[in-house]
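Before any comments, here is the structure.
Every number in this text was worked out from the coordinates using simple rules, so none of it is lab data. In this text the structure is predicted, and so the values were computed from the model without any measurement. Because the Cβ atoms are built from the backbone with ideal geometry, glycine has one as well, and the counts that use them run over all protein chains shown.
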Amino acid sequence: MRTCLPARHPPGLAAAVVIGVVLGAVPARAAPGEPGYHLVNTIHLEGTGGSGRIALDAGTHRLFIVRTTHVTVVDVERGREIGKVTGTSGAHDVALVPKLGRGFTSNRATNTVSIFNLRTLRGTSDHPETGARPEAIVHDSSSGRIFTMNADSNNATPIDAADDAAAGSVPLGGRPASAVTDGEGRVFVQLQDRNEIAVLDAHVLRVVRRWPLAPCTPSAGLAIDTAHDRLFSACRDDTMSVLDTGSGRVVARTPIGHCANVLGYDPGTSLLFAACDDGTLTVIRQESADAYRVVDTIRTPPGARGLEIDPSTHRVYLAVREGSHDRRGGGGSPVVLVYDR
């Protein structure tokens, strides 16, 4: 995955907004009338290995955190680690399918997918092969398939989530970064080397649309609002682009922190969260499908790689390394930070 460029502020964004929100020169406060998110708990993780992508099973209150050699499982209600999934060495991302009681990791060190039981945390003997260096992994409920985004072979591997059968590969025409699904058979994939979104049809298994993002060069942050047909893509110029998922047209841009690795959208509060390498968590209010306003900037350790939002409590979970001063997430101790209003 390409590293972000030095911060550059795009023309057309008010200088005061860029300085106050993107650079974070002064600790920001929530805008008047907005619920101010603040740190309510720090969950310390065992071991010294780094932490990466995370996924929340809201029904069981379990948070799954990808580590260097395993997946750590945390009970977010009790605020403590309760187990681990082994056999996932080199994993990058994790996807959950609660309806089937199964979880999946993309293992970029071995070009495989590991499969485990969400209740017992035991892995299965099946390890479907993928393309080269699988990173992002998503589940499309409409097709019942898991998709890995293979960064070194520029393709996606579809796998049946119920029987583990792989269905070949889907050429993407560029290097994939993050991906999200709309639950209706479309997978939206960032192609970092082409500055575009590829729309993959999860049923016919081919790319059916390509949407340019220019002047946005995507970082890894991607999120979706299915109710309003909006796709959110973080950009390396310290902005976020908003696309109409019907037409692919960019309808809005808003400032965020530098190099957002993860985005999250909460449909219950109409808030977006951008966790950035510069140690900021930008909070954005969706005022309408095409109007967005930054309402808060929260200081965090730099280098966050995982963010999840609980749809019932609206708490935000951020995987970072406490005490780290490295935007790549090195050093410090692995923790999950919990934010609430």
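Quick notes
- Sites Ala30 and Ala58 - FRET efficiency at Förster radius 25 Å, r taken between beta-carbons, to 0.05: 0.50
- Derived value for the stretch 166-277: Kirkwood hydrodynamic radius 14.0 Å. Basis is the mean of 1/r over every pair of different alpha-carbon atoms.
- Point-charge dipole on Cβ atoms (K/R +1, D/E -1) for the stretch 157-216, about Cα centre, debye to 20: 380 debye
- Panel values: the stretch 163-228, Kirkwood radius from alpha carbon pairs, Stokes-Einstein at 37 °C and 0.692 mPa s, translational diffusion coefficient 262 µm²/s.
- Calculated on alpha-carbon atoms, Rg and Dmax of the stretch 209-341 in Å: 14.3, 44
- For the chain: relative contact order, % (alpha-carbon pairs under 8 angstrom, 6 or more apart): 15 percent
- Relative contact order, percent, the stretch 86-212 [alpha-carbon distance under 8 Å, six or more residues apart]: 15 percent
- In this Cβ point-charge picture (+1 for Lys and Arg, -1 for Asp and Glu), the stretch 202-341 has a dipole of about 380 debye about its Cα centre.
- The Kirkwood radius of the stretch 86-212, taken over pairs of alpha-carbon atoms, gives through the Stokes-Einstein law at 10 °C and 1.306 mPa s a diffusion coefficient of 112 µm² s⁻¹.
- Assigned charges on the beta-carbon of Lys, Arg, Asp, Glu; the chain dipole about Cα centre (debye): 460 debye
- J(HN,Hα) series, the stretch 43-58, from Karplus relation 6.51 cos²θ - 1.76 cosθ + 1.60, nearest Hz, glycine and proline x: 9, 7, 9, 6, x, 10, x, x, 10, x, 5, 9, 8, 10, 8, 5
- Hz values of 3J(HN,Hα) by residue in the stretch 176-192 - Karplus curve (6.51, -1.76, 1.60), Gly and Pro given as x: x, 10, 7, 8, 9, 10, 9, x, 10, x, 10, 10, 9, 10, 6, 10, 5
- Overall shape of the chain was characterised from the C-alpha gyration tensor. The equivalent ellipsoid obtained from it has semi-axes of 29, 24, 18 Å, in decreasing order.
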